[in-house]
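Read the structure below first, then the notes.
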Amino acid sequence: MRLSTTETRNYLIGFVFIIFMVASATILNDMEIILPEIGALTAGTWIYQNGGWINQPIKIFLTPSGTAIIGFLINQLSLTYAEKVLLGLLLMLILLRVLHSNLAPSFATGLLPIIINATHWSFIVAILLFTSLLMTGVYLQGHYKGTTPSTPIKNEHMIIFTIMAVVWVTAVWFFGFPQMAAIPPVMVVFFEVLQKPNYSWRMASKHFIALVGAATIGVLIHLMIASWLLSAAISLPLVFVLLQLLKIKLPAAFAFPLLALVLPTGMFHMLPVTAIIASLFFLGTIVLLKKFISPYRIESEINE
């Protein structure tokens, strides 16, 4: 995809913003300041200017901050990892419904404190700061004025998402891999495409390559370079090149290189494999749902 001058400028601003976040974590030596989904939010709001995300800029601050607080508080409870993930996802769905928001990366900001076992309030301060900066940037750009409001989350989508999350978490727990219960970028993509009327195998294949590729890039670069800052500075442009080759816009892919920086060792080495299995499960399922259930629903509506 060829970039216009405006798009190139937006990419550079977004890249600098993400690097600023990682640099801040490096200077303060605080891993909890690195927020992977800020990468996705930056791409979706500043770079791609997704209409559904930027329509109400205040929600760019409220929704991810709210889910992050939910995840942070749940992480303090005496529950198993899988139980924390399930409880967190359910409460996040309720929050999105209450706020009438479809901001999918909010799931990731809510799962992150559970994944990295966040215990310091610097995590909450960081999420409040960076989401408020993103919101301010969207207000300054002004493109939100020409967008249409996103539709509220449908009950059927909430039910499907909940069922799929329960099946996934139960399965990985049963097979002895509870650390695979939360894979935020994949769940974000799943939630987004779940709300689309159509989703083809071709697009699912591109999303699969992008997600698995981004996860692999993040792990390989960080294995070679220990520095958070250098790893992010190298891996993020590589993810950009991958998406350009696939000719798709997928903000969630930008979260994987940052996620690789903050994962516990066991989860870090499993990240590419986890991305493969989770992507096959979630994206494959949604393609089948769209292929077999959607036509049946349309036919039923016509008959009525």
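Key figures for this structure:
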| read-out | value |
| --- | --- |
| Near pairs, Cβ below 7 angstrom, 6+ apart or cross-chain, from the stretch 23-34 (over 17 Å from THR109 (Cα atoms)) to any residue that is modelled with pLDDT of 90 or more and of a type outside the set (Phe, Trp, Tyr) | ALA23/LEU229; SER24/ILE33; THR26/LEU229 |
| Pair list, Cβ < 6 Å and 6+ apart or interchain, from the stretch 53-81 residues that are farther than 23 Å from GLN195 by Cα to residues that are part of a loop (DSSP other than H, G, I, E, B) | PHE72/ALA118 |
| Residues being at pLDDT 95 or above and polar (S, T, N, Q) - total across the stretch 185-228 | 2 |
| Test result for GLU192, under 20 Å from the mean Cα position of the chain (by Cα), acidic (Asp, Glu) and part of a helix (DSSP H, G or I) | yes |
| Tabulated pairs, the stretch 156-181, first touching a residue at least 24 places away in the same chain (Cβ under 8 Å), second acidic (Asp, Glu), C-beta under 9 angstrom, 6+ apart or interchain | VAL169/GLU83 |
| ALA82 vs. criteria part of a helix (DSSP H, G or I), in contact with a Phe, Trp or Tyr (Cβ under 9 Å, 6 or more places away or on another chain), closer than 22 Å to PHE268 by Cα and of a type in the set (Gly, Ala, Ser) | yes |
| Output for the stretch 257-270, where each listed residue is part of a helix (DSSP H, G or I) and farther than 11 Å from LEU211 by Cα | LEU258, LEU259, ALA260, LEU261, VAL262, THR265, GLY266, MET267, PHE268, HIS269, MET270 |
| Residue among GLY71, GLY44, GLY88 that alone is more than 30 Å from LEU238 (Cβ to Cβ) and buried (at least 20 other Cβ atoms within 10 Å of the Cβ) | GLY88 |
| Any hit, the stretch 117-126, residues being farther than 15 Å from VAL262 by Cα, part of a helix (DSSP H, G or I) and modelled with pLDDT of 90 or more | yes |
| Yes/no for LEU62 being under 17 Å from ALA108 (Cα atoms) and out of contact with any helix residue (DSSP H, G or I) (no Cβ under 7 Å at 6 or more places or on another chain) | yes |
| Test: residue in the stretch 167-184 that is surrounded by 13 or more Cβ atoms within 10 Å (Cβ to Cβ), in contact with an Asp or Glu (Cβ under 8 Å, 6 or more places away or on another chain) and either at pLDDT 90 or above or part of a helix (DSSP H, G or I) (or both) | yes |
| Check on MET203, touching a residue at least 60 places away in the same chain (Cβ under 8 Å), in a helix (DSSP H, G or I) and either acidic (Asp, Glu) or more than 27 Å from SER24 (Cα to Cα) (or both) | no |
| Selection status of PHE254, in a helix (DSSP H, G or I), under 17 Å from the mean Cα position of the chain (by Cα), more than 26 Å from GLU7 (Cα to Cα) and not basic (Lys, Arg) | no |
| Options ALA275, ALA233; residue that is buried (at least 22 other Cβ atoms within 10 Å of the Cβ) and in a helix (DSSP H, G or I) | ALA275 |
| Identity of the residue in the stretch 289-300, surrounded by 12 or more Cβ atoms within 10 Å (Cβ to Cβ) and out of contact with any Phe, Trp or Tyr (no Cβ under 7 Å at 6 or more places or on another chain), that ends up modelled with the highest pLDDT | LEU289 |
| Failed condition for LEU77, given (1) touching a helix residue (DSSP H, G or I) at 6+ places or on another chain (Cβ under 8 Å); (2) at pLDDT below 90; (3) not small (Gly, Ala, Ser); (4) not in a helix (DSSP H, G or I) | (2) |
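The values are calculated or read from the model by the stated rules, or taken from the named source; none is laboratory data. From a predicted model like this one, the values you see are computed outputs, not experimental measurements. We place every Cβ from the backbone using ideal geometry, glycine too, and count neighbours over all the protein chains shown.
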